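Engineer: Mind looking over this structure? Questions follow.
The values are calculated or read from the model by the stated rules, or taken from the named source; none is laboratory data. All values reported here derive from a predicted model rather than from experimental measurement. Cβ placement follows ideal geometry from the backbone for every residue including glycine, while neighbour counts extend to all protein chains displayed. Each accessible area value is taken on the protein alone, full model and side chains, heavy atoms only, with ligands, DNA and RNA left out. Shrake-Rupley method; radii C 1.70, N 1.55, O 1.52, S 1.80 Å.
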Amino acid sequence: MLKVGLTGGIGAGKSEVSRLLVEHGAVLIDADRIAREVVAPGTAGLAAVVDAFGEGVLAEDGSLDRPKLGSIVFADAEKLAVLNSIVHPLVGARSHELEEAAAEDSVVVHDVPLLAENGLAPLYDLVIVVDASPETQLDRLVRLRGMTEEDARARMAAQATRDKRLEIADIVIDNDVPLEVLQRRVRDVWAELVRRARGASE
């Protein structure tokens, strides 16, 4: 099994890269998706978030109002740390369960937005960073996700710097490119991952 950490700044195109890797045969463990699962209605995770931040972070249907919570924590580093202390251990435990269930010869890709921020690089055999310029990130967040420029800049500022992410990278995928170029780059990276996985299992 080859354990790969995949990360990148918000708007860099990490989700597209993870989707392409799955098409090639990767087993994807998506930390963001798991983070939503562990605070779903009825979970201990959601109860802990409400204890910390109050009933105001709930939507009318009792689910977590993620935009509301995001507007609170991304403007306050201490509150973000509180949220992370609740969610990250739950995500880590579930990620480990999913990894254990994968076949022995798998390439397991952990899609982890905050990999650099939380010093998680040593958990993986190698780290892939999807990189894009801050200008590209901002454009995608405003144009494709409908964020205000102020909100987009706040989200970007709350993450690790571009340099800090690149410091932990074993492989960098430059995504300041059209989709067809990205597809070729991911195909080449996949070939390298398969080669390394075979070497690890021999």
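Engineer: If r is the Cβ-Cβ distance from Ile72 to Asp139 and R0 is 25 Å, what FRET efficiency results, to the nearest 0.05?
Structural biologist: That gives a FRET efficiency of 0.45.
Engineer: How big is the charge dipole of the stretch 102-149 about its Cα centre, in debye rounded to the nearest 20, if each Lys and Arg gets +1 on its Cβ and each Asp and Glu gets -1 on its Cβ?
Structural biologist: The calculated dipole for the stretch 102-149 is roughly 280 debye.
Engineer: While we're here: Can you tell me the dipole magnitude for the stretch 109-195 around its Cα centre, using point charges on the Cβ only (Lys, Arg +1; Asp, Glu -1), in Debye to the nearest 20?
Structural biologist: 180
Engineer: Ordered by residue, what ³J(HN,Hα) values in Hz, to whole numbers, does the stretch 93-101 give under the Karplus form 6.51 cos²θ - 1.76 cosθ + 1.60, where θ = phi - 60° and Gly and Pro are x?
Structural biologist: Each residue's phi maps through the Karplus curve to give 5, 5, 4, 5, 4, 5, 5, 4, 7 Hz.
Engineer: Based on the mean of other Cβ atoms within 10 Å per residue, sort peptides 93-103, 32-42 so the most packed one is first.
Structural biologist: Sorting 93-103, 32-42 by mean packing, highest first, produces 32-42, 93-103.
Engineer: Put a dot 7 Å past each Cα toward the Cβ at Glu23 and Ser85; how far apart are the dots in nm?
Structural biologist: In this crude label model, Ser85 to Glu23 measures out at 4.3 nm.
Engineer: Further question: What does the accessible area per residue of the stretch 36-101 come to in Å², with a 1.4 Å probe and no ligands, DNA or RNA counted?
Structural biologist: With the other protein chains kept in place, the stretch 36-101 gives 59 Å² per residue.
Engineer: Related question: Lys/Arg Cβ at +1, Asp/Glu Cβ at -1, dipole of the chain taken about the Cα centre: which of Leu141, Val109, Ile72 is farthest positive-ward?
Structural biologist: Leu141
Engineer: Counting only DSSP beta bridges with both residues in the chain, what percent are antiparallel, rounded to the nearest 5?
Structural biologist: Bridges in the chain that DSSP calls antiparallel: roughly 5 percent.
Engineer: Using helices alone, I'd like the mean residue ellipticity at 222 nm for the chain: each DSSP H run of four-plus residues gives -39500 (n - 2.57), total over residue count, nearest 500.
Structural biologist: Rounded to the nearest 500, it is -17000 deg cm²/dmol.
Engineer: Right, something else. Say R0 is 25 Å: what FRET efficiency, to the nearest 0.05, do Val172 and Arg196 get from their beta-carbon distance?
Structural biologist: Working from the Cβ atoms, E equals 0.95.
Engineer: Taking all protein chains in place and a 1.4 Å probe, what share, in percent, of the accessible surface of the chain do carbon and sulfur account for?
Structural biologist: Summing carbon and sulfur atoms, their accessible area is 51 percent of the total for the chain.
Engineer: How large is the translational diffusion coefficient of the stretch 47-202 in µm² per second when you combine the Kirkwood radius over alpha carbon pairs with Stokes-Einstein at 10 °C and 1.306 mPa s?
Structural biologist: For the chosen part, D equals 87 µm²/s.
Engineer: Run the dipole for the stretch 71-118 about the Cα centre, Lys and Arg Cβ at +1, Asp and Glu Cβ at -1, nothing else charged, and hand back the magnitude in debye, nearest 20.
Structural biologist: Approximately 280 debye in magnitude.
Engineer: Give me the percent relative contact order of the chain, please, defined on Cα pairs under 8 angstrom at least 6 residues apart.
Structural biologist: 39
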